[in-house]
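**Student:** Please find one structure pasted underneath; my questions will follow.
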Amino acid sequence: MTEQIVSQVDQRINEYLKAHPGQKPLFILMTEEEADLLTTAIRNKNGYNDKVMITEYNGIKIVRDPALKNGQLLLTNELPETSS
């Protein structure tokens with residue numbers, strides 16, 4: 001399951017780069033569950049233990065967005081608004 005989320009994120013990054021030439025996204029917005037899967041995949045790939053905090057993937061910040069539903073994955077250059 002973790003490899004599936006990595007391939008999905010990679011696919012979306014490639015689509016973003018094709019649509020926005022020369023601009024790399026700054027943020028990956030995803031659900032908490034999918035962000036956990038992605039960080040687990042990054043830990044496994046790089047041999048990190050559970051105490052290492054993973055906050056980005058390929059230089060793109062991972063943002064957990066509770067407003068998203070499973071399967072929704074957004075790439076953006078703007079930090080999402082949060083209510084306080």
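The values are calculated or read from the model by the stated rules, or taken from the named source; none is laboratory data. Note that this is a predicted model, so its numbers are computed, not measured. Positions of Cβ are backbone-derived with ideal geometry, glycine not excepted, and every protein chain shown enters the neighbour counts.
**Student:** Considering segment 38-74 alone, what residues qualify as being surrounded by 13 or more Cβ atoms within 10 Å (Cβ to Cβ), over 10 Å from the mean Cα position of the chain (by Cα) and assigned to a helix (DSSP H, G or I)? Talk me through it step by step, then tell me what you get.
**Tutor:** Of segment 38-74, the ones surrounded by 13 or more Cβ atoms within 10 Å (Cβ to Cβ) are 38-43, 48, 54, 56-57, 60-65, 68, 73-74.
Checking which are over 10 Å from the mean Cα position of the chain (by Cα) leaves us with 40-43, 48, 54, 65, 68.
Residues satisfying the conditions are Thr40, Ala41, Ile42, Arg43.
**Student:** Also, quick follow-up: Checking Gly59 against (1) of a type outside the set (Phe, Trp, Tyr); (2) without any contact (Cβ under 8 Å) to a residue 40 or more places away in the chain; (3) on the phi < 0 side of the Ramachandran plot, only one condition comes out false. Which one?
**Tutor:** Going through the list (1) of a type outside the set (Phe, Trp, Tyr); (2) without any contact (Cβ under 8 Å) to a residue 40 or more places away in the chain; (3) on the phi < 0 side of the Ramachandran plot, Gly59 breaks only (3).
**Student:** Report, by residue number, each residue of segment 13-54 that is of a type outside the set (A, V, I, L, M) and in contact with a strand residue (DSSP E or B) (Cβ under 6 Å, 6 or more places away or on another chain).
**Tutor:** Narrowing segment 13-54 to residues of a type outside the set (A, V, I, L, M): 14-16, 18, 20-25, 27, 31-34, 36, 39-40, 43-51.
Selection gives Tyr16, Pro25, Phe27, Glu32.
**Student:** Would you check which residues across segment 1-37 are modelled with pLDDT under 95 and of a type in the set (Lys, Arg) and list them?
**Tutor:** Lys24
**Student:** Then there is this: Given (1) touching a residue at least 24 places away in the same chain (Cβ under 8 Å); (2) over 10 Å from the mean Cα position of the chain (by Cα), where does Ala19 come up short, assuming only one miss?
**Tutor:** Of the numbered conditions (1) touching a residue at least 24 places away in the same chain (Cβ under 8 Å); (2) over 10 Å from the mean Cα position of the chain (by Cα), the odd one out for Ala19 is (1).
**Student:** Also, quick follow-up: Which of the residues belonging to segment 1-37 are assigned to a helix (DSSP H, G or I) and among the hydroxyl-bearing types (Ser, Thr, Tyr)?
**Tutor:** If the condition is that a residue be assigned to a helix (DSSP H, G or I) and among the hydroxyl-bearing types (Ser, Thr, Tyr), then Thr2, Ser7, Tyr16 are the ones that fit.
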